[in-house]
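The values are calculated or read from the model by the stated rules, or taken from the named source; none is laboratory data. Here the structure is a predicted model, which is why all the values come from computation and not from measurement. Cβ coordinates were reconstructed from backbone atoms using ideal geometry, including for glycine residues, and neighbour counts include every protein chain displayed. Side chains included, ligands, DNA and RNA excluded: accessible areas come from the protein's heavy atoms. Shrake-Rupley method; radii C 1.70, N 1.55, O 1.52, S 1.80 Å.
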Amino acid sequence: MSLFDSDKKVITEENFLEVYEYWESFFGKYVDSDKKASEYFISDIEIGKSHILSESDGSVAFDLGEGNAKIKFLPIKDYIFFWDIYEKVDDINVIYAIRQKIDRISEDYQRRFTGEFYTPIDFADKALNYIERIVGSKWYEKDNWRLWDMAAGTGNLEFTLPTSALKKCYISSLLEDDVNYCKRIFPAATVFQYDYLNDDINLLANPDLSKLGLHHKMPEQLVDDLKNPDLKWIIFINPPFATSNTAGLTSQKKSKDNVSMTKIREMMDNEGLGEVSRELFSQFLYRIHKEFQGRDAYLGLFSKIKYINSNNDQKFRDKIFKYKFESGFIMSSKNFHGLRGQFPIGFLVWNLGKEKKLESQNITLDIFNNECEKYGTKKILIEDRSKFLNKWVKRPKTTKVFPPFSSAINISAGNKDIRDKVSDDFLCSLMCCGNDVYHQNQTALLSGPYGSAGGYSVNKENFEHSMVIHAVRRIIKQSWTNDRDQFLIPHTSELEEEFINDCVIWSAFSDSNNTVSIKEIKYCGNNYQIDNHLYPFLLSEVRQWNITLSPLLTQIISANEDRYLAQWIDNHKISEESNLILEKAKSVYKKFYKCTNQGQWLDYKIGLWDVGWWQVKMLLSEIDPYDHDLIELNKLHKKLSEKLLPQIYKFGFLSEEVNFYEED
């Protein structure tokens with residue numbers, strides 16, 4: 001008898017996956033040749049189905065059923081050690097329950113259709129723990145509880161539920177092959193094929209139609225349960241994420257580009273819910289709202305978190321989604337195979353029986369790493385979109401046609417919705433698409449109107465605020481935890497003068513300052529000269545420099561007006577950090593004018609004296625990729641970023657990132 005018999009761990013339906021992973025790490029490579037490792041594992045854990053033939057050569061016999069026996073050679077010390085820890089299973093019902101699910105271990109997790117992403121089982125199990133903290137750990141032992149997953153796919157969310165819980169579960173999916181799979185894996189549950197965004201919608205909108213002989217597509221037992229006011233519900237769901245304008249959602253697998261105009265979307269459009277009605281995810285929430293509003297029900301939802309705080313979802317929050325938050329966590333999207341980028345995926349539990357405006361709630365989520373270990377918390381700041389940073393500046397009326405830019409020197413052409421007008425007193429445009437950290441890279445300064453939506457004219461009146469917005473959006477360090485955080489109007493009406501001035505200098509020499517000067521651009525039959533109003537030095541100073549390209553020298557001699565930024569700098573008190581940048585920039589510009597003719601200046605459309613920072617950098621980098629002054633200027637610019645970063649949080653432009661902690 002082993003010394004450890006009294007301390008052996010019991011293998012159950014709830015913990016078998018963890019046991020399998022441990023077993024497979026030891027023996028998987030020794031058995032996985034003719035059959036799946038999971039088949040040998042099932043044989044090995046059942047009492048009497050495997051035994052050691054010889055400790056000397058490590059041979060172990062496995063009874064795989066139906067007269068099929070196999071002998072495998074294993075590292076015998078590890079094998080004996082393993083079974084000194086665990087007790088073999090002698091309950092045939094436990095073996096049966098585990099066998100129903102064991103195929104999932106070898107399933108291909110990378111199937112993709114209609115915008116779905118499959119939830120990792122360990123996080124699904126963690127989500128169930130969060131639900132049970134609210135509704136009770138043995139909810140399924142009570143007759144008045146039901147669970148419904150309307151977008152089950154292949155059932156990852158239900159995978160760790162015990163068989164006794166599955167008897168209280170409705171599992172539905174759009175696709176027939178998923179339904180057939182779930183029927184095999186979850187025989188105790190009610191599994192059925194169902195299109196939650198199209199089926200029974202007329203009956204949902206008008207229940208009295210059932211009196212006219214119209215029947216539900218959902219199972220009759222589910223119909224009866226939904227009518228029963230005494231039942232309590234858990235909606236446990238990972239709805240698909242896809243957005244489209246087109247039609248075509250059927251029972252066949254489709255790409256995200258072919259998602260349909262559903263019947264639910266028609267209802268949402270009729271309520272004037274705007275762009276959010278195009279998202280399948282929001283359509284699921286809309287029907288859940290219609291079906292379960294005011295009931296004793298809890299929604300456990302895996303999703304991106306944009307529905308909580310994004311600009312486009314404001315109407316949806318105001319009219320539909322205003323439920324009491326109970327608990328939740330976030331993890332990185334990297335845990336979901338096949339998703340591009342890295343952003344937060346949340347699991348949040350909402351009380352559908354209690355309405356409460358999201359803006360009035362404290363939504364603080366636990367943070368889990370890729371090993372499903374909690375290491376901190378994050379408060380999701382929810383503000384009305386009237387407080388979003390993109391509302392801070394009053395955008396001036398645009399009246400004059402001007403060549404629209406798509407990048408530093410490229411003109412937009414061929415867009416159906418072209419934006420080609422600027423305001424009076426135009427200095428440049430600020431491209432600032434979206435309002436969250438996700439859109440950080442879609443922030444830039446251009447010398448003409450940004451050719452698409454998401455930009456506005458910068459003039460003398462809004463110049464300083466615009467430079468602050470540009471700096472704030474660009475300086476923030478993007479991470480998966482802040483990816484969907486919204487930029488906000490600062491909580492003080494009077495920002496410190498030094499902060500504003502530093503933001504102006506930071507913006508002038510940032511990589512996202514794409515303002516330029518171009519001698520001649522033809523647009524809509526007219527010729528335009530593009531002046532660079534963000535040129536930083538006074539003419540009186542520039543005239544003293546060595547300028548080798550004669551056209552530029554001639555222009556500088558004859559020019560009679562300093563550019564706006566140079567005048568602004570001359571009239572403001574500049575901090576020590578910003579002054580260091582200006583002094584180094586002066587060296588860079590002097591070098592540029594001295595060696596302009598050593599590079600291909602026409603490639604960068606250099607032909608006017610007030611060259612843009614982008615043009616200066618590009619030409620000098622071509623002449624010398626390791627230009628010392630550019631490298632040093634970049635270091636000084638980075639130091640200014642480090643100075644400004646804490647002030648961005650101090651003034652409330654963005655909520656604090658993460659509260660880290662160490663567990664006892």
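Some observations on this one:
- Under 13 Å from the Cα of K639 - aspartates and glutamates, other chains or at least 8 residues apart: D502, E576, E577
- Across the cross-link table entries K49/K167; K29/K334; K142/K217; K183/K227; K357/K421, which are compared at the Cα atoms, the separations over 31 Å belong to K357/K421.
- Simple spin-label estimate for S407 and L538 in nanometres, 7 Å along Cα-Cβ: 3.7 nm
- Based on protein heavy atoms only, the stretch 557-657 ends up with 50 Å² per residue of surface accessible to a 1.4 Å probe.
- Which listed pairs, of K315/K460; K519/K584; K126/K306, have C-alpha distances above 30 Å, in listed order: K315/K460
- Annotation: extensible slack from L64 through F192 equals 42.9 nm (criterion: 0.36 nm per residue apart, minus Cα-Cα distance).
- D32-D7 FRET efficiency (beta carbon distance; Förster radius 30 Å; 0.05 resolution): 0.50
- Contour minus Cα-Cα distance for I85 and D224 (0.36 nm per residue): 45.3 nm
- Based on protein heavy atoms only, the stretch 393-499 ends up with 43 Å² per residue of surface accessible to a 1.4 Å probe.
- For the stretch 596-615 and the stretch 265-290, distance of Cα centres in Å: 51 Å
- Counting DSSP beta bridges with both ends in the chain, the antiparallel % (nearest 5): 70 percent
- Structure-derived Kirkwood radius over Cα pairs in Å: which label, when the choices are (i) 31.0; (ii) 26.7; (iii) 29.4: (iii)
- Taking 0.36 nm per residue of separation and subtracting the current Cα-Cα distance, fully stretching the chain between C524 and I134 would add 134.0 nm.
- The chain - percent of accessible surface contributed by carbon and sulfur, probe 1.4 Å: 46 percent
- Largest-first ordering by accessible area, 1.4 Å probe, given options K77, K635, K374: K77, K635, K374
- Relative packing of peptides 522-529, 534-541 - highest average C-beta neighbours within 10 Å first: 534-541, 522-529
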